[in-house]
Structure formats: structure tokens, C-alpha cells
Amino acid sequence: MLTKDYFKLASVSFRRNLLRTLLSGLGIVISIASVIVVISAAQGVKGFIIGQFDSFGSNLLQTETRVPSTGSINSGDSAQAQALGTVITTLTLDDMLAIRKLPNIVTNYGYQMGQAVATSPTDKKTVMLWGASATFLDIDTGKIKEGRFYTEEEDASLTRVAVLGSEVASELFGDINPVGQTIKIKQKNFEVIGVFAKRGAALFFNLDAVVYVPVKTLQKQILGTDYVSAITSQYRDKSKLTATIADVQDLLRARHNIDLSDPDKDDFIVTTSDDVANILDTILGGFTILLVALAAISLIVGGVGIMNIMYVSILERTFEIGLRKAVGATREQILRQFLIEAVLVTTMGGITGIILGVLISLGIAGVAKIQGFAWSFVIPLYSVILATGFSIVCGLIFGLYPARRAAELDPIEALRKE
Amino acid sequence: MTDLIKIVKLNKQYENEDVVTPVLHELSFNIKSGEFVSIIGPSGSGKSTLMHILGFLDRLSSGEYFFEDKDVSKFTEDELAQMRSQKVGFVFQQFNLLPKTSVLENVKLPLLYVDITEGERDKRAREAVKSVGLEHRVNYLSNQLSGGEKQRVAIARALVNNPAVIFADEPTGNLDSKSGQQIMKLLYDLNTKEGHTVILVTHETYTAEHAKRILKLKDGNLVSDELVPEDRRQNAISGELK
Ligand SMILES: Nc1ncnc2c1ncn2[C@@H]1O[C@H](COP(=O)(O)OP(=O)(O)O)[C@@H](O)[C@H]1O
Ligand SMILES: [Mg+2]
């Protein structure tokens, strides 16, 4: 018997029992579609989050404060101490200038953040108050829509000027152009000199709800401090990144008088956008595995459904099987006939599931884009290969038992079942 | 002529959960190629059981069975399937056609398990359909046929592999007398004109007398093995009931 003959037999059987065949494949369709959607959505989320970080600029090297380890306890205590309110005050704008002079650094900015209530003559709004150096816009991808960003001179002279995120501007001033208007933050008047263009939906915080002020103005006029919480630097050459990170670490350790031999004593931490991508990969990878595992369970449920339906179908077709054996079919030929039928059902179900999954993922991407998320539609090839492989294996596993039952039927007994 | 079938002291008993049902006892006989033999006996005498064993659908419990001088009692399942595929054709009382399937496809069924091209299968199946006079029904579905036509399709299916022997188990049992007569004429012609070996199982003496030789079973024992007198045979074939 040729492979072609088995396919012909299967197609006849499918046409005879169209509804049953469709129903038996449905479980596979749904689980394969969910595998595709889960994997694609994870890619979309990853792309979106990385896009969020890219909007802060490319080739970034982030220096943040960190509570030094006391030495004896595990490294988790640093984050814990910071959460409990331990503030590190050692990172300064002088550190920023020193880092800026390092060979592979293009430029950088220091910043300090906090929440505040901003009041216009007509309205008020809780905003993210972001005190950043004037070099901020040399790195960040935000675009000014009205007016301008503040200058080095305004920062140095502690001028009370503010640049508004688009949402702040529209909520505080409505249709009026905010440039030239005054807002009040912590009982101090700030002149609005610029407004950012809309940046769209965001994951961690809403960049359209930020009020930018010169970092020194924030330090001296409002907070009464002289430290920053982080310094964002842009490097030139990625191949020298490791050396650059080491340069920054050495520089700050020297400036902060930290024992060079013990990184646990560092009161800062240097990270890059690559680190962010890696962490994201780990987190999303974990979620993906979990969800794919759930989908795999549904695949098993679908497979058991197929086994069930095939089993019933073999009971119904006992006479046919008996006749085939009586006219010379071997057990192996009967086994193959039903196994190929099962694999065809699961494979076709799998292909339909892939198509359905792609369409759903496309829909999710479309909705996300309409909602303003920078979401890219990706179907990784491996997910398609995985789904197809799963479907075939599922057919083999769950088709085997009923197919063997069919192959073992006694022809005389079976022929009595006409 | 050499012996096509040779059985020696064949016994058959069914064993279902401690219950042992002896069916055939110490049967010994030979059948030569080209013979037309009837196996006759009352209902329950073991005729069908014997035919299933001779046709490789069932196994004997003890004794010997040689087919074309090969000891088939020790054949594996797959070897028996191969014998069914190549050496025998069956015609059953219940016709046993695939429902909702065309005459051509029904006749082709045994050829599916033979390694020949689809074109060759089609050609042989059409020839077999023609040889039973049903070429005008070749695309009819099996359930659109009369009983006599169904049984002719079954005979075509039994012939299509060009088997060494055709077994027919009560082939007229579900037919009116006229159709039954036609089927018997067909089997008679297959033996006398085409030289096929035919083994017929029946409980009717009149039907059995279409054959040259009658083996009589009673309670699983072979009670007689006689040739049919030529005048009685001619009576049966000409359809003169008595
Ligand atoms: N699978 C089986 N298990 C037990 N007994 C059986 C089985 N098949 C047939 N028999 C018994 O064997 C005897 C002969 O049956 P069978 O060969 O069909 O007779 P016949 O064809 O002559 O009417 C009967 O008594 C029947 O009940
Ligand atoms: Mg019988």
C-alpha cells in the first residue's frame, strides 16, 4: 500500500464524517492558536518595552545610586534598604561632569525625580517633577512642540523655568498656549518656556505627564539638596562598552573613596540597555514558558478528545476494518491507516490553529497600535515549527491507542458487526 | 492434479473464559485445484468455522493444514493476511459490501493491499465487474443494488485477486430463488469455464448439488464425502426443482 493510498482513505473518511472530523480537530486548533498568540504577544510586549527604553535615547549607560552592602548579608539587602528609605547622597553633578570627560562618553545628564502638584491659574494636576540637566534633550528622543527646552545657563543660574509634557499642558491650560504662562510648584512660580509633543502610551510612567525643570533649580530652590539619583550617559562605541563601564566604576570609586577591591561597597550601580533587554528576556521567557505549558496542557486535552472520537469511530467502522482484514490487509496496514488519519487531523488542526493564532496576534497588534502602543507584530519561526511539531506528535501519541485497537480486531468477529 | 488443500486430523475448539466449545473433530480430506466442492450440514454443524480456517481467517486448534504443500498452521498473523490477500476470495451470505461506496471501489478493495499501480487496480476491477455481468452498474453505490447484484459484486471482489480458491458461505441464503439460481450458475461457470477452484458452504442439498463433490458435516464430524451423480448436478444447474 502506497502513502498516497493512505491519504486517499483518510480523505474519504473525512468527507464521510466531516462534522466529526472538524470537531475532533477543534481542540488542537484552539491550543495551537493559543501557543502562537502567547509567543507572539510576548514578542510584542518585549518589543514595546525595549521601544520604551529606546525613547530615552540609544547607547545608554545608566549610573544609579545604590545602598552599599554591609558585607555580611546577602545582596538583596541593598534594594531592601533603598525601599526602606535609605537615601544615598553621594552621586553629584560633579560626578556627571567627570564621567562626561571619559573617552567613550558623548554626553550625559544627571537627574532627580519626585512627585509634585502643579497649579495653573485654572487647574491643578499631580505631575512627575523631573529635574534634569540641560543636556537632557541631547540624548532623549522627546520633541519640543511649542517654545524651547532650557539652557545650561538657565540651569546654572537656578532659573525657575519649566517644560511641560503634552498631557500636563492640555490639562492645565486647555486650548491656551502654555508658553509664557506661569505654573506654581511647591509654592514657587515657574515660567513655562516649552511644551513636548505627545509621546504616547507608556509602561512604567507616563512621559506626557512630566514637568521638566533644570536640575539645579530643583535641587536648590525646592529640595535643598545637591545630589542626583541617577546619571544617564551616552557612549559612542559599543565595542568599547565593557571598558567604559569599568572606567565609570573606577572613576566613581576614586571620587567616592570606595575600596577598589570590594564591589559590594559601591554606592552606585552601572547598567546598560543591554542589561534591560536581558532582564526582559528572562522575565518574558519565564512567562512564555508558563503560558506555553498551559497551552500544552490544553493540547493534551485536545489530544484526548481526538483519541475519544477516533475510538468511537473505530467502533463504528468495525465492519469496514474486519472486511479490510478479510481481504488481506495486515495489522500494520490498518494501524497506519488510522494513525495517518489521526496525524492528518491534528496536523490540519495545527495549521488552522497557526493561521488563527496569526490572525489573532495581528488583531492584538492592531488594537495595541490604535491604543498608541509602539507594538510590533512578530511571529517567530520557532513558534510555527514548535506548533507544527506539537500537532504531529499529538496525532501520533493519541492516535496510537485507537489505531492499535483497530489493527488487532478479529476479522470474523468484526464482520458480524455490519 | 496436485492437492491444493490437505487437512489431517483437524480439530477446532473455541475457548472463552474456561468454557471450551468443541466444534470440529478429526477432519481429514484433500481438495485438488480446479475442484468444485460443497460443504453441507445442518446449522451449527461447523461449516462456517471450517471455511474460516481453510480461508486463513481463523486458526485450527490441532491437526495439520497444508495449502499448496505449505504447512500454514504455524503461519504468523501477517503471513495469514498475505495468504488472504493472494490466495483466496470470499463470498458471504451477508454480501459484506462497503456501504455508500461504488461497485468499482468495492471490487477494488482487495487490490489496495497488493502492490500494483492505481491504473492496474482500476483495470483489473473493471474486468472483474464485467466478468459478473455488471459493467452497467460499475458506478452505482452498493446500496442502490438488488440482492442478486450485490452478491455478484461480492463475487467480482472475490475474483479480482485471481485467487487459487473461492470460498462462498451460503451465498444464496439472503436471495430469492431466481437470484440464487443465477448466483449458483455464475459460480458453476467460474469453475467449469474459467477453471476456478470453488468451495461452497450451504445447508441445502439442492444448492450443494451444483458441485461435483459434497462433504457432509454433522456436529463437527465429516460423515460423508461423495461425488454428485451427474444427472442430479444437471438438474440443479438447469433449475428444475424437485
Ligand atoms: N467464536 C465462537 N465462540 C464459541 N463458539 C462458537 C464461535 N463461533 C462459532 N461457535 C460455535 O461453533 C458451532 C459451529 O458454528 P458454525 O461454524 O457457524 O456453524 P454453521 O456455519 O455450520 O452453521 C456453533 O455451535 C457455534 O455456536
Ligand atoms: Mg454458517
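The values are calculated or read from the model by the stated rules, or taken from the named source; none is laboratory data. None of these values were measured; they are calculated from a predicted model. All Cβ positions, even for glycine, are placed from backbone atoms using ideal geometry, and neighbour counts span all protein chains on display. Note: areas computed on protein heavy atoms with side chains; ligands, DNA, RNA excluded. Shrake-Rupley method; radii C 1.70, N 1.55, O 1.52, S 1.80 Å.
Within segment B:159-188, count every residue that is more than 16 Å from B:HIS203 (Cβ to Cβ) and either among the small types (Gly, Ala, Ser) or within 16 Å of ligand 2 (Cβ to nearest atom) (or both).
Going through segment B:159-188 one residue at a time, the tally reaches 2.
Take A:LYS216 and decide whether it is closer than 23 Å to A:GLU152 by Cβ, modelled with pLDDT of 90 or more and open to solvent by 10 Å² or more (accessible area, probe 1.4 Å).
yes
Kindly indicate whether any position in segment B:7-15 is among the polar types (S, T, N, Q), within 12 Å of ligand 1 (Cβ to nearest atom) and either surrounded by 18 or more Cβ atoms within 10 Å (Cβ to Cβ) or more than 25 Å from A:GLU332 (Cα to Cα) (or both).
So far as segment B:7-15 goes, yes, one or more of its residues are among the polar types (S, T, N, Q), within 12 Å of ligand 1 (Cβ to nearest atom) and either surrounded by 18 or more Cβ atoms within 10 Å (Cβ to Cβ) or more than 25 Å from A:GLU332 (Cα to Cα) (or both).
Residues that are within 16 Å of ligand 2 (Cβ to nearest atom) and within 14 Å of chain A (Cβ to nearest Cβ), at least 1 per element: which strands (runs of 3 or more DSSP E) completely within segment B:1-68 meet that?
B:3-16, B:19-32
Could you check segment B:125-142 and list, in sequence order, the residues that are open to solvent by less than 20 Å² (accessible area, probe 1.4 Å) and within 14 Å of chain A (Cβ to nearest Cβ)?
Those that are open to solvent by less than 20 Å² (accessible area, probe 1.4 Å) and within 14 Å of chain A (Cβ to nearest Cβ): B:ALA125, B:ALA128, B:SER142.
If a residue must be part of a strand (DSSP E or B) and either open to solvent by less than 20 Å² (accessible area, probe 1.4 Å) or within 9 Å of ligand 1 (Cβ to nearest atom) (or both), how many such residues does segment B:70-80 contain?
Counting residues in segment B:70-80 that are part of a strand (DSSP E or B) and either open to solvent by less than 20 Å² (accessible area, probe 1.4 Å) or within 9 Å of ligand 1 (Cβ to nearest atom) (or both) gives 0.
Hey, can you tell me all the residues within segment B:192-214 that are away from ligand 2 (no atom under 16 Å from the Cβ) and farther than 18 Å from B:ASP231 by Cα?
Once the filter is applied, which keeps residues that are away from ligand 2 (no atom under 16 Å from the Cβ) and farther than 18 Å from B:ASP231 by Cα, segment B:192-214 yields B:LYS193, B:GLU194, B:GLY195, B:HIS196, B:THR197, B:VAL198.
Quick one: would you say B:ASP122 is over 22 Å from B:ASP189 (Cα atoms), more than 10 Å from every other protein chain (Cβ to nearest Cβ) and part of a helix (DSSP H, G or I)?
yes
Could you figure out which of (1) within 16 Å of ligand 2 (Cβ to nearest atom); (2) under 27 Å from B:SER224 (Cβ atoms); (3) touching a residue at least 60 places away in the same chain (Cβ under 8 Å); (4) within 17 Å of the chain's Cα centre (by Cα) isn't true of B:PHE95?
Just one mismatch for B:PHE95, condition (2).
Among residues belonging to segment A:124-158 that are farther than 28 Å from A:ILE105 by Cα and in contact with a Ser or Thr (Cβ under 9 Å, 6 or more places away or on another chain), point out the one that is surrounded by the fewest Cβ atoms within 10 Å (Cβ to Cβ).
Taking the candidates together, the pick is A:LYS145.
Restricting to segment B:102-119, what's the tally of residues that are within 13 Å of chain A (Cβ to nearest Cβ), assigned to a helix (DSSP H, G or I) and in contact (Cβ under 8 Å) with a residue 24 or more places away in the chain?
Adding up the residues that qualify gives 7.
Does A:THR288 fit the bill of being modelled with pLDDT under 90, among the hydroxyl-bearing types (Ser, Thr, Tyr), out of contact with any helix residue (DSSP H, G or I) (no Cβ under 7 Å at 6 or more places or on another chain) and on the phi < 0 side of the Ramachandran plot?
So A:THR288 does not fit the description; no.
Among the residues of segment B:5-32, write down those that are modelled with pLDDT under 95 and in contact with an Asp or Glu (Cβ under 8 Å, 6 or more places away or on another chain).
Within segment B:5-32, B:THR21 is the sole residue that qualifies.
Are any residues in segment B:33-69 more than 10 Å from ligand 1 (Cβ to nearest atom), open to solvent by less than 10 Å² (accessible area, probe 1.4 Å) and under 23 Å from B:ARG233 (Cβ atoms), and if so, which ones?
B:PHE36, B:VAL37, B:SER38, B:LEU54
Considering (1) open to solvent by less than 70 Å² (accessible area, probe 1.4 Å); (2) in contact with an Asp or Glu (Cβ under 8 Å, 6 or more places away or on another chain), say which one A:GLU332 fails and leave the rest.
(1) is the only condition that A:GLU332 fails.
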